[in-house]
1. Rounded to the nearest 5, what % of DSSP beta bridges with both residues in the chain are antiparallel?
2. In what sequence, highest mean first, do 332-339, 197-204 appear when ranked by Cβ atoms within 10 angstrom?
3. Under a plain spin-label model, where a point goes 7 Å from the Cα along Cα-to-Cβ, how far apart in nm are Arg85 and Ala41?
4. Given labels modelled 7 Å from the Cα in the Cβ direction, how far is it in nm from Ala282 to Leu303?
5. For the pair Cys15 and Glu96, how long in nm is the line joining their label points, each one 7 Å along Cα→Cβ?
6. Please compute the length gained on full extension between Glu182 and Gln275, using 0.36 nm multiplied by the number of residues separating them and subtracting their Cα-Cα distance.
7. What does the extension gain come out to for Ala370 and Ala224, with contour length at 0.36 nm per residue minus their alpha carbon separation?
8. Can you list the lysines whose alpha carbon sits under 21 Å from that of Lys118, skipping same-chain ones fewer than 8 residues off?
Amino acid sequence: MSRIAIVNGRLADPCGDAPVPGIVLIDGDRVVATGAIDIPADADRIDAQGLVVAPGLVDLGVFATDKPAFHFGGITRAALMPDQRAPLDEAGLIREATRAGKPDFWVHPIAAATRGLKGTEMAEMGLMQAAGARAVSTGRHWIADSGVMLRVLTYASGLGLTVIAHAEDGGLTAKAVATSGETATRLGLPHAPASAEAMAIARDIMLARETGAAIHFRLVTTGAGFDLIRAAKAEGLRVTCGISPAYLFLNDQAVTDFRTFARLSPPLRGERDRQASLAAVADGTVDVITSGHDPRGPEDKRLPFADAAPGMAGAETLLALSLNLVREDRVTMGRLMTLLCANPARILGVDAGRFAPGAAADLIFIDPDAPWIVDSGRMAAAAGNTPFDKVPVQGRVRRLMKGGTFL
């Protein structure tokens, strides 16, 4: 395979701050060097035309593989949650999932922690890891049985797998569709207190301390939850957490008029928790920003609010919405790439999401100021269930490279 030199680009290195002019040298499917480097005579030159060159996004925790949406949003690797029509709880299903994106993007399956994701009987983690699973997850729900969760964490730790946990106490949230507060009360929606999140996190942190396991809370959305994460990190526990742009830029008022596109799991929170989420991104408590991509068609969303399925199509808007954090001076561009690329790759144990020599040559070319309007009726995703419908945003991916090959 020939060598490629990407020139005239501004490099958004997760190890840096603002994008800086530089060259990316690629040999085959790997990055060889970046920065102010000499270009070999035999290298093919690709002109980036002043665009921002960044690692391809690594989306930690999607519920569907969606080529058009991933390409639009700059996602080159997607960690697929086990919550599929046939839950990813056996080796054959894991092997099949790893092939789902070829040759257009990488799929990293996340194994179900328990058979059928029922939270009772452990699945065969070792066999699924050998088949390609990169982590293990409780799925959309919290494992209520503490003994089962202890065993999950113990076995996962022995295998070197991170446990990706849903953080809501199911005893409180089983029938709830909204966060307790003025909005839920006014609309007459079944609701649960936001403290359900902190209660779940507190239990799982205690079990992670007991086992020494690595645990990642896929979505943390409350100030109380972030306080627990900060304390666990200060203690030296192997605890990380993520969030999606919906919880950073929307609060529970978005469900007014029973807007089912804004029905999410966990539900949108009050304004105080939204501000706490922004602060957690800024101070480094949050490790990952994920799309939570979950396209839902009319059969799931054109229903009474309490009957509609939770979830949003988030892949196309992940980068554009996250760039608001840079414009608002909450994070640097390098820090944003850490949240979107380097940290999720590290949690999955894949050598991607960064510019280090030997890393996968998965790159995106970004026009960070390109304006566009989110339109649920014209999205590339399998379904356009976005709560950001008709919102103006900035930032478009102009080119995408996977494994040293342009797509």
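Taken together, the values in this text are just the output of simple stated rules run on the coordinates, not laboratory data. What you are looking at is a predicted structure, and each value in this text was computed from that prediction instead of being measured. Please note: Cβ atoms are built from the backbone with ideal geometry, for glycine as well, and neighbour counts cover all protein chains shown.
1. On the way: 28 of 59 bridges.
Roughly 45 percent of the beta bridges in the chain run antiparallel, per DSSP.
2. Ranking, from highest mean packing down: 197-204, 332-339.
3. It works out to 5.7 nm between the two label points.
4. 3.9
5. A separation of 4.1 nm, rounded to one decimal place.
6. 31.7 nm
7. My answer for the length gained is 48.9 nm.
8. Output for Lys118: Lys175.
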